[in-house]
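**Student:** Let me begin by handing over the structure; questions about it come next.
Please treat every number below as a calculation from the coordinates, not as lab data. In this text, all values refer to a predicted model and were calculated from it rather than measured experimentally. We place every Cβ from the backbone using ideal geometry, glycine too, and count neighbours over all the protein chains shown.
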Ligand SMILES: Cc1cc2nc3c(=O)[nH]c(=O)nc-3n(C[C@H](O)[C@H](O)[C@H](O)COP(=O)(O)OP(=O)(O)OC[C@H]3O[C@@H](n4cnc5c(N)ncnc54)[C@H](O)[C@@H]3O)c2cc1C
């Protein structure tokens, strides 16, 4: 399929991009890496009148330490996350997860902001940012606001982001180079996850567990986290991974199969992340 015809703008600045979004509202959409938007447009599930390309805005492409956090520009590509010395030292879960996405072509085009805005419950990066309890910085005509990722998603492919807002930055705690793990279960290398589990050890010592494809959004394994905080063993805590979740059914598996995978992957990830 080819998309419905559309106009294309590549603004020179973030301010110009926001002005275009404000002017065109829901008739416009933003293009970053294009690896989710273009398939959706080709399937004619989206037919924007105007596509605003922010993929080459240098203002949205950076990785830097800022106080207790690492700040990542929304248009930073997976490949740049993977090779970042700053992230390897300060927040090593994120590049490890980015390294598992698709193939090199996808990783050279896809962006962190695009993955978070798209909000696919099968996506890898939302789980990493949820495990890290990152903050999403949004900017639009009414100004800038910060939303914890725990409050960002409202359902499958949907979030509190308004149509005229851009994700401009993702802020992550400085969790360091150790105490993390990512277990992604796929049928073949380069595939999307059937289930995946991200574990992060937070600066206060708490263990966070986030899961891919265990609900309509990326979700935390809350029962596992509570069990660990109460002193349960990794084996016992991992068995609770699927509690309170609502995993989907598709050609790759039933909810029961996914629940089993969640427990196994959580045990492996917690074991790897343990000091
Ligand atoms: C062959 C293939 C394999 C893949 N495999 C995987 C995989 O294994 N794991 C995985 O997680 N993903 C996978 N993906 C998806 C990939 O991660 C996408 O790149 C990502 O989901 C979207 O990022 P993007 O920068 O390409 O966004 P785009 O496609 O450009 O945009 C996606 C959506 O987000 C919006 N958007 C983009 N940037 C912003 C912003 N800054 N602010 C507000 N809205 C914005 C767009 O308007 C659009 O609605 C795969 C994709 C392909 C084509």
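**Student:** With N set to the residue count of the stretch 58-173, report its C-alpha Rg divided by 2.2 N^0.38 Å to two decimal places.
**Tutor:** On the way: Rg = 13.0 Å, N = 116, 2.2 N^0.38 = 13.4 Å.
Ratio of Cα Rg to 2.2 N^0.38 Å: 0.97.
**Student:** With a cut-off of 17 Å, note down the residues of the stretch 98-113 whose backbone N falls inside the zone around a label point 7 Å from the Cα of residue 250 toward its beta carbon.
**Tutor:** Within reach of a label on residue 250, which here means backbone N under 17 Å from a point 7 Å along Cα→Cβ, the stretch 98-113 contributes 101-103.
**Student:** On the Cα set of the stretch 66-122, report Rg and Dmax in Å, please.
**Tutor:** Cα-based Rg and Dmax for the stretch 66-122 come out at 11.1, 33 Å.
**Student:** So if R0 is 25 Å, what FRET efficiency would residue 22 and residue 156 give, r being the distance between their Cβ atoms, rounded to the nearest 0.05?
**Tutor:** Values: r = 27 Å, r/R0 = 1.08.
Efficiency computed from Cβ-Cβ geometry: 0.40.
**Student:** Would you mind estimating how fast the stretch 180-273 diffuses translationally, via Stokes-Einstein at 37 °C and 0.692 mPa s with the Kirkwood radius over Cα pairs, in µm²/s? Each step should come with its number before you reach the end.
**Tutor:** Details: Rh = 13.0 Å.
In µm²/s, the coefficient is 252.
**Student:** Just to confirm my numbers, what's the Cα centroid distance between the stretch 1-18 and the stretch 136-162 in Å?
**Tutor:** What the calculation gives is 21 Å, centre to centre.
**Student:** To continue, here is another question. Please report Rg (one decimal) and Dmax (integer) in Å for the Cα set of the chain.
**Tutor:** My reading of the Cα-based Rg and Dmax gives 18.4, 58 Å.
**Student:** Any idea what angle helix 14-24 forms with the longest principal axis of the chain, computed on alpha-carbon atoms, 0 to 90 degrees, nearest 10?
**Tutor:** Result, in degrees: 70.
**Student:** How far apart, in nanometres, would the label points at residue 142 and residue 43 be if each is projected 7 angstrom from Cα along the Cα-to-Cβ direction?
**Tutor:** My value for the distance between the label points is 3.1 nm.
**Student:** What nm distance separates the two modelled labels at residue 53 and residue 187, each placed 7 Å from Cα along Cα→Cβ?
**Tutor:** 3.5
**Student:** Let me ask you something else. Taking the Cα atoms of the stretch 7-53, report the difference between the largest and smallest coordinate on each principal axis, in whole Å and largest first.
**Tutor:** For the stretch 7-53, the Cα spread along each principal axis is 30, 19, 13 Å.
**Student:** Ranking request for peptides 38-45, 155-162: highest mean number of other beta-carbon atoms within 10 Å first, then the rest in descending order.
**Tutor:** Details: 38-45: 13.4, 155-162: 15.2.
Answer by packing, highest mean first, reads 155-162, 38-45.
**Student:** In addition: Pairing the Cα long axis of helix 255-273 with the longest principal axis of the chain, what angle in degrees results, from 0 to 90 and rounded to the nearest 10?
**Tutor:** Roughly 80 degrees, rounded to the nearest 10.
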